[in-house]
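Visitor: Pasting a structure here, questions to come.
The values are calculated or read from the model by the stated rules, or taken from the named source; none is laboratory data. Note that this is a predicted model, so its numbers are computed, not measured. No Cβ is skipped: glycine too gets one built from the backbone with ideal geometry, and neighbour counts run over all protein chains shown.
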Amino acid sequence: MNYSNNKRYLRAADIIRLYPIGKNSIYNYCKKGFIKPIKVTKGITVYDANEIEAFFSGKKTEAQNAKASF
C-alpha cells in the first residue's frame, strides 16, 4: 500500500526565500496562532505550504476561521 502524503511542506528558510520576512516574524506568527508549526524531529520544524500561501495571500485557513468565530 502506498501511504504517501501529497502535502507540501516548507522549512523556515524556504518561507524566508519566498516572502519578504525574517525568521523571527515566522516564530511570532506561530506564537500568535496565525500559522501552525509541525515538529518533525527535535531540530526540524516544517510548515504546511498551503497554509503559508493562504496566510500570505490574505486568505483565511480553516483554523483561522475557527479562531475568528470565538
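Visitor: Within the set of pairs 6 or more residues apart or between chains, which connect a residue that is within 15 Å of Asp48 (Cβ to Cβ) inside region 18-33 to a residue that is among the charged types (D, E, K, R) with Cβ atoms less than 8 Å apart?
Guide: Listed by first residue and then by second, the contacts come to Cys30/Lys36; Gly33/Lys67.
Visitor: List the number of the failed condition for Phe56; all other conditions in (1) in contact with a helix residue (DSSP H, G or I) (Cβ under 7 Å, 6 or more places away or on another chain); (2) at pLDDT below 95; (3) hydrophobic (A, V, I, L, M, F, W, C) hold.
Guide: Here Phe56 meets the rest and fails (1).
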